[in-house]
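Engineer: Before I ask anything, here is the structure I am working with.
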Amino acid sequence: MSDALRAAAEQLIDPQGRELAKAVRWLELDLPGLDPALRWPVAVLGEGQPVLLLHGFDSSLLEFRRLAPLLAGRYQLWIPDLFGFGFTPRPEGIGYNPSAVLQHLLAITEQMPEGPIGLIGASMGGSVAVVLARELQDAQPQRIEKLLLLAPAGLTGKPMPLPPLLDRLGAGFLGLPAVRRGLCRQAFADPDAAVGPAEEEIASLHLNTPGWAAALACFARSGGFAGVGAPLPAAPIQVLWGAQDRILRAPQKRAAEALLGDRLQLVEGCGHLPHLDQPELVARTWMTP
């Protein structure tokens, strides 16, 4: 178990973050080439139809701390850390890339209840949700009931792998406290009102996990998730995109609009993180038939 996540359940400033950390289970997963003794963090809470929630790049399951309480009364939420991100173990000498992320999630879905599941993906997690839905629909056409994508990143464009040295320099840059604070503020529509010590703490807590920088650099070398949106999966898709999103550039938004069409709803007063800026709207959108 991650020492940082265990401490988070008791010491986080944000009370919703503490509660979500307390809901984490450490699962055994059958992942090729990895020690079966490793344990993988997944917050599981609520009762009802299962919903899998996927966080964004260089983030953690704690990203869903405000949305989870709004959905847990009607759904069973499964909120993992993506492979190589959050508080997951990071063994040396393996590849941290989109394929590994997908295999990890497929193993988690095998432990979820049978029947249809929902998918909610934020930022890079939106692209991961699309790839996962396509993979599952080939073998189990009814497995994915619907998807909700929150400012999805990586649906369009081309992979841009970082070369050696630049990948580690990039990871080191992202680890600088001033950079973390700046990115945290940039993600919200109104950072002066929304961002304080509680948000900054959660945005940086997972950096204490052993192997964080090396795994992030490896993922950057892979090129990550890019251009994965087409063809869109057969399941119904809704998309919420903040009108004040300052993380994804305007060309990315225009390309996503061309791909998604009227599935995309622009949300005023919202930045790159609708599930944090406007969690009630996200919950209503998900619960509306």
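The values are calculated or read from the model by the stated rules, or taken from the named source; none is laboratory data. Note that the structure is predicted; figures quoted are calculated from it, not measured. Using ideal geometry, Cβ is built from the backbone for each residue, glycine included, and neighbour counts are taken over all protein chains shown.
Engineer: Pull up the range 1-31, narrow it to residues that are within 19 Å of Leu207 (Cα to Cα) and of a type in the set (S, T, N, Q), then point me to the one that is modelled with the highest pLDDT.
Structural biologist: Gln11
Engineer: Right, here's the next one. Among Phe83, Phe57, which is modelled with pLDDT of 95 or more, in contact with a Ser or Thr (Cβ under 8 Å, 6 or more places away or on another chain) and either closer than 20 Å to Gly126 by Cα or of a type outside the set (Gly, Ala, Ser) (or both)?
Structural biologist: Going through Phe83, Phe57 in turn, just one is modelled with pLDDT of 95 or more, in contact with a Ser or Thr (Cβ under 8 Å, 6 or more places away or on another chain) and either closer than 20 Å to Gly126 by Cα or of a type outside the set (Gly, Ala, Ser) (or both): Phe57.
Engineer: Can you list the helices (runs of 4 or more DSSP H) lying wholly within the range 1-79 that have 1 or more residues being free of Cβ contacts under 8 Å to residues at least 12 places away in the same chain and either of a type outside the set (A, V, I, L, M) or closer than 18 Å to Met112 by Cα (or both)? Give the derivation first.
Structural biologist: Details: elements: 3-11, 15-22, 68-71.
Helices (runs of 4 or more DSSP H) meeting the threshold: 3-11, 15-22.
Engineer: How many residues, within the range 113-143, are surrounded by fewer than 20 Cβ atoms within 10 Å (Cβ to Cβ), part of a helix (DSSP H, G or I) and touching a residue at least 60 places away in the same chain (Cβ under 8 Å)?
Structural biologist: Total meeting the criteria: 2.
Engineer: Given (1) in a helix (DSSP H, G or I); (2) out of contact with any helix residue (DSSP H, G or I) (no Cβ under 8 Å at 6 or more places or on another chain), where does Pro91 come up short, assuming only one miss?
Structural biologist: It is condition (1) that Pro91 fails.
Engineer: Would you please name the residue that is nearest to Leu31 (Cα to Cα), looking only at residues in the range 89-116 that are more than 13 Å from the chain's Cα centre (by Cα) and of a type in the set (Val, Ile, Thr)?
Structural biologist: Ile108
Engineer: While we're here: Within the range 85-101, can you find the residues that are surrounded by fewer than 18 Cβ atoms within 10 Å (Cβ to Cβ) and within 23 Å of Lys158 (Cα to Cα)?
Structural biologist: Passing the criteria: Gly95, Ser99.
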